[in-house]
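> Starting off with a structure, shown below.
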Amino acid sequence: MDFKIPGDDRELREALNDVNLPTLVLVMSQFSDNDDWLTDRFKPDPIQVPEGGLFPDDTGNYSEAIATEIREGAFELIKNLRDKGGKMPPIPDVEKMKQLMEFSTAEPLEDEFCAMLLEETNFVNRDNTWKPKLKKLKDSSSSIKDFSVIVVGAGMSGICTGIKLKEAGIDHIILEKNAAVGGTWYENSYPDCGVDTPNHFYSYSFERNANWSGYFSKRDELRDYFERCTDQFGIRDNIQLNSEVQQMQFDKASRTWTVTIQKQDGSVEALTANAVISAVGQLNRPAIPSFEGLDKFKGDSFHSARWNHDLSLEGKRVAVVGTGCSAVQLVPKTANAASHLTVFQRSPHWISPNKDYYRPVEKGLKWALNHIPLYAEFHRARMIFGFMDRSWPAVPSDPNWQHKDRAMSEANDILRESLTGYISEQLGEKQSLMEKCVPDFPVFGKRLIIDNNWYQHMARTDVSLTDDPILRFHPEGIETEDGTIHEFDVVIFATGFNTNRFLWPMDVIGKSDVSLDERWGEYPQAYKGMLVPDYPNLFCLYGPNTNIVHGGSIIYNTECQVHYIMQCLTLMLERRAELLEIPQEATDEYNEEVQSLSKHLAWGHPGVESWYKNSDGKVVNNSPFSNLEYWSRTHDVEPNRYRMD
């Protein structure tokens with residue numbers, strides 16, 4: 001086999017200086033005729049999380065002599081593959097993957113975790129669960145030719161869904177309200193907008209990007225990735241832009257959905273399909289609190305998700321309302337432009353340091369991901385091990401822990417102390433801000449935010465942090481409850497989104513002629529976050545109780561859901577069923593479990609006030625499961641669970 005590895009010996013040696021050595025050992029072990037590379041001599045140290053951090057050190061901590069030996073061994077292997085060709089090793093099975101990963105991480109691993117890794121690295125194609133069945137149907141039946149799907153939304157989830165529907169040969173159209181694909185990466189363009197998941201995990205398992213410029217890339221590069229996927233997988237012709245869904249109604253007679261859209265020119269069109277997949281997400285409808293007098297403010301104001309690029313902030317008095325992820329990202333460059341910046345805080349967040357946040361991906365690592373056989377697969381596997389569920393043990397409540405007001409457990413409290421020490425260190429001489437900066441709820445009560453030098457900016461003389469509640473707006477600025485009127489030229493709302501009203505403002509009407517918004521009210525519920533009783537053939541992506549807080553990648557969760565939905569559609573076609581619906585009893589049982597578990601997790605802590613909860617304190621946004629357990633629960637279709645006809 002010709003591996004087509006480019007470059008000369010010098011280029012190869014240079015690249016090997018940039019790669020991760022434990023990952024390289026895994027590659028070499030696969031091409032070896034024996035397990036010599038899997039001996040104690042080459043066993044890396046356990047992957048360690050630095051104190052106060054979230055992201056692991058996975059260098060292996062080899063001595064210089066062993067590191068040189070590994071690189072020399074890799075040089076000879078790759079040189080021979082380049083010059084002489086070779087044989088691709090067999091795909092590891094679960095037992096082999098477990099052996100490799102336990103050696104590489106120095107920890108025992110579950111078989112289920114290794115089975116998940118085989119799919120996430122694309123060693124095993126999870127689509128083989130349903131693709132062969134659809135191919136057989138396509139060859140022998142006309143049912144698939146008469147079946148159509150409407151996907152609502154062309155962001156990350158909608159693009160993923162479109163790719164799988166196209167590969168399945170299922171007729172579909174993707175409706176997108178915006179003028180381009182990309183979803184959140186199209187709509188958000190504020191300064192330093194970017195991802196808080198390592199890029200090499202924040203990508204489709206079936207389309208890894210070997211050429212990310214940074215470990216945490218920014219908005220433009222992320223948007224380009226999804227644009228490229230749209231073209232590469234040939235789904236652009238299936239996307240109808242500038243088409244906002246107004247209503248979706250299930251027709252009991254025809255057992256189809258009628259979807260009414262409004263186009264850019266104001267015209268209205270009705271489309272019909274057998275099934276609808278909502279891929280609208282949770283973070284796409286900006287929310288601005290109803291402040292008294294806001295309409296009388298004479299300055300400029302806008303939401304962070306609708307950034308005004310025509311407005312210069314240079315030399316202006318600027319207010320940022322909110323201290324969540326968007327605020328942490330946009331504040332530094334906003335502060336650099338403004339004459340003075342005031343941040344209005346309702347409650348502080350836990351913020352984690354990360355040395356890789358602005359670190360560019362090394363040239364040699366890019367080369368390895370592109371050209372060293374199997375390197376990209378094992379690189380992703382080790383990254384998933386380090387980032388996916390490593391923090392989960394600090395999330396559940398320990399019933400024997402005595403200090404439940406501040407932490408969930410001893411592990412959670414240790415992390416709290418480390419992060420508190422980090423805050424103090426970053427504030428420097430401004431220790432007077434500690435009371436404002438240290439949250440009063442447990443770590444992971446809200447998503448841990450990656451630091452963008454937030455505390456250093458709060459300590460600047462031209463930046464003010466206030467936690468006095470906003471009372472009302474005046475023409476000149478903002479009045480707080482202490483009676484102070486703060487004068488501003490510009491107010492930026494980093495106040496989040498309408499998250500608890502899933503699918504809103506679309507009017508979704510089920511077979512009982514009841515609006516989904518009315519049915520759900522403040523307590524949206526769906527089976528596994530995807531299926532809703534009385535709304536047959538409707539599937540939700542990133543629906544109720546599917547958000548992740550402790551780690552992982554939302555793309556990972558989306559792929560789990562799309563995989564489950566594709567199996568549901570396959571089941572319908574196999575059985576020639578016109579209707580697939582989850583019974584109310586199954587949904588109630590599932591959501592009772594969700595709420596029972598959520599009460600004992602960090603985000604269900606009574607001291608946490610967040611968009612994760614409704615007004616009754618029920619957690620309606622977050623998943624109560626580890627990422628591995630969610631993969632397991634959504635991996636296989638459940639024919640006996642549904643009502644099919």
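> Using only Cα atoms, figure out Rg for the range 436-566 and give it as a multiple of 2.2 N^0.38 Å.
1.48
> Counting only pairs 8 or more places apart or on different chains, how many lysine pairs in the range 1-132 have C-alpha atoms closer than 20 Å?
Within the range 1-132, the lysine pair count is 7.
> As a test of reading the structure, rank HIS600, HIS349, HIS172 by solvent-accessible area (1.4 Å probe, protein chains only), most first.
HIS600, HIS349, HIS172
> Quick one: putting +1 on the C-beta of Lys and Arg, -1 on the C-beta of Asp and Glu, what dipole do you get for the chain around its Cα centre, in Debye to the nearest 20?
Dipole of the chain, to the nearest 20 debye: 1280 debye.
> Once R0 is set to 25 Å, what does the formula 1/(1 + (r/R0)^6) return for the Cβ-Cβ distance between ARG460 and ASP300, expressed as a FRET efficiency to the nearest 0.05? Can you show the working numbers first?
Details: r = 23 Å, r/R0 = 0.91.
Efficiency computed from Cβ-Cβ geometry: 0.65.
> Something else now. Distance in nm between label sites at PHE75 and ASP18, each 7 Å beyond Cα in the beta-carbon direction?
Inter-label distance under the simple model: 1.8 nm.
> Note the full-extension length gain between ILE414 and ASP146 as 0.36 nm times their separation in residues minus their Cα-Cα distance, in nm to one decimal.
Residue separation times 0.36 nm, minus the Cα-Cα distance, leaves 90.7 nm.
> Separate question: Label-point separation (nm) for ARG228 and ARG285, each offset 7 Å from Cα along Cα-to-Cβ?
It is 3.4 nm.
> Determine the sum of side-chain charges near MET458: Lys and Arg each +1, Asp and Glu each -1, restricted to other residues whose C-beta is under 14 angstrom from that of MET458. Walk me through the numbers before you get to the answer.
On the way: positive: LYS430, LYS436, ARG460; negative: GLU425, GLU429, GLU435, ASP451, ASP462, ASP467.
Summing Lys and Arg as +1 and Asp and Glu as -1 gives -3.
> Here is a further query. Given H placed on each backbone N at 1.01 Å, which residues far from GLY214 in sequence or on other chains put an amide H within less than 5 Å of it?
HN-HN under 5 Å from GLY214: VAL361.
> Multiply the residue separation of ASP405 and GLN264 by 0.36 nm, subtract the distance between their alpha-carbon atoms, and state the gained length in nm to one decimal.
45.6 nm
> With only Lys, Arg, Asp and Glu charged, each at its Cβ (+1 for the first two, -1 for the last two), find how big the charge dipole of the range 285-417 is about the Cα centre; round to the nearest 20 debye.
Details: 18 positive and 14 negative charges, 75 e Å.
Value, rounded to 20: 360 debye.
> When the Cα atoms of the range 223-339 are enclosed in a convex hull and the volume is divided per residue, what value in Å³ results?
Measuring per residue, one finds 197 Å³ for the Cα hull of the range 223-339.
> Sticking with this one: Among residues other than GLU244 whose Cβ falls under 15 Å from its Cβ, what is the net charge (Lys/Arg +1, Asp/Glu -1)?
-2
> Using a Cα-Cα cut-off of under 20 Å, which lysines could be cross-linked to LYS298, ignoring same-chain neighbours fewer than 8 residues away?
Partners found: LYS316.
> May I ask you to list the trypsin sites (Lys or Arg not before Pro) in the range 272-310 that are in a DSSP loop and have at most 13 other Cβ atoms within 10 Å of their Cβ?
LYS298
> Then there is this: LYS135: which lysines have alpha carbons under 24 Å from its alpha carbon, excluding same-chain residues fewer than 8 sequence positions away?
The reachable lysines, counting only those whose Cα sits under 24 Å from LYS135, are LYS145, LYS164, LYS166.
> Give the residues of the range 598-618 whose amide nitrogen is closer than 18 Å to a point set 7 Å from the Cα of ASP467 in the direction of its Cβ.
Flagged as within label range: 606-611.
> If you plug each phi of the range 206-216 into the Karplus form 6.51 cos²θ - 1.76 cosθ + 1.60 with θ = phi - 60°, what whole-Hz ³J(HN,Hα) values come out, in order, with x for Gly and Pro?
After applying 6.51 cos²θ - 1.76 cosθ + 1.60, I find 8, 8, 5, 10, 7, 10, 4, 7, x, 6, 9 Hz.
> Round to the nearest 0.05 the FRET efficiency obtained for TRP504 and MET434 when R0 = 45 Å and r is the Cβ-Cβ distance.
0.70
> Rank PHE344, LEU109, LEU541 by how far each Cα sits towards the positive end of the charge dipole of the chain (+1 on Lys, Arg Cβ; -1 on Asp, Glu Cβ) and give me just the farthest.
Among PHE344, LEU109, LEU541, the one farthest towards the positive end of the dipole of the chain is LEU541.
> Right, here's the next one. About the Cα centre of the range 359-445, what is the dipole size in debye to 20, counting +1 per Lys and Arg Cβ and -1 per Asp and Glu Cβ, all else neutral?
520 debye
> Here's something else I'd like to know. Subtracting the Cα-Cα distance from 0.36 nm times the residue separation, let me have the gained length for ASN61 to ASP93 in nm, one decimal.
Numbers: separation 32, 0.36 × 32 = 11.52 nm, distance 2.82 nm.
Extending this stretch completely gives an extra 8.7 nm.
> On to the next question. Efficiency by 1/(1 + (r/R0)^6): what FRET value for SER339 and GLU244, r their Cβ-Cβ distance, R0 = 45 Å, to the nearest 0.05?
So the FRET efficiency works out to roughly 0.70.
> Find, among the trypsin sites (Lys or Arg not before Pro) in the range 310-392, those assigned to loop by DSSP (not H, G, I, E, B) with at most 13 other beta-carbon atoms within 10 angstrom.
Values: sites: LYS316, ARG317, LYS333, ARG346, LYS355, LYS363, LYS366, ARG380, ARG382, ARG390; in loops: LYS316, ARG346, LYS355, ARG390.
Of the trypsin sites (Lys or Arg not before Pro), the ones in loops of the range 310-392 whose Cβ has at most 13 other Cβ atoms within 10 Å are LYS355.
> Restricting everything to alpha-carbon atoms, can you work out Rg to Rh for the range 301-427 with a Kirkwood hydrodynamic radius?
Reported Rg/Rh, Kirkwood definition of Rh: 1.08.
> Summing -39500 (n - 2.57) over the DSSP H runs of n ≥ 4 in the chain and dividing by its residue number, what mean residue ellipticity at 222 nm do you reach, to the nearest 500 deg cm²/dmol?
Calculated at 222 nm, the ellipticity per residue is -10000 deg cm²/dmol.
> Just add up the charged neighbours of LYS133: K/R +1, D/E -1, any other residue whose Cβ is under 14 Å from the Cβ of LYS133.
+3
> Given the options ILE159, ASN188, PHE216, identify the residue whose Cα lies farthest towards the positive end of the charge dipole of the range 120-217 (+1 on Cβ of Lys, Arg; -1 on Cβ of Asp, Glu).
Among ILE159, ASN188, PHE216, the one farthest towards the positive end of the dipole of the range 120-217 is ILE159.
> Taking the DSSP beta bridges in the range 136-262 as the whole, what percent of them are antiparallel, to the nearest 5?
Antiparallel bridges make up about 55 percent of those DSSP assigns within the range 136-262.
> Can you list which of the chymotrypsin sites (Phe, Trp or Tyr not before Pro) found in the range 379-460 are DSSP loop residues with at most 16 other C-beta atoms within 10 Å?
Here the sparse-neighbourhood loop sites are TRP401.
> I would also like to ask the following. Largest first and in whole Å, what are the equivalent-ellipsoid semi-axes of the range 427-486 based on the Cα gyration tensor, each being the root of 5 times an eigenvalue?
With the √(5λ) rule applied to the range 427-486, the semi-axes are 25, 16, 11 Å.
> Follow-up. For the chain, what proportion of DSSP beta bridges, expressed in % and rounded to the nearest 5, is antiparallel?
Numbers: 31 of 68 bridges.
In the chain, DSSP labels about 45 percent of beta bridges as antiparallel.
> Along the range 485-493, what does the Karplus equation 6.51 cos²θ - 1.76 cosθ + 1.60 (θ = phi - 60°) give for ³J(HN,Hα), rounded to whole Hz, x for Gly and Pro?
9, 9, 8, 9, 9, 9, 10, 10, 9
> Got a sec? Charge dipole of the range 362-504, +1 on Cβ for Lys and Arg, -1 for Asp and Glu; which of ASN370, GLY428, PHE385 is way out at the positive end?
ASN370
> For GLN247, enumerate residues with amide H under 5 Å from its amide H, sequence gap 5+ or separate chain, H modeled in the peptide plane.
Excluding prolines and chain starts, which carry no amide H, the hits are THR260, ASP507.
The values are calculated or read from the model by the stated rules, or taken from the named source; none is laboratory data. Predicted model only: the values in this text are computed from it and were never measured. Cβ atoms come from the backbone with ideal geometry, glycine included; neighbour counts cover every protein chain shown. Surface accessibility is based on the protein's heavy atoms, side chains included, excluding ligands, DNA and RNA. Shrake-Rupley method; radii C 1.70, N 1.55, O 1.52, S 1.80 Å.
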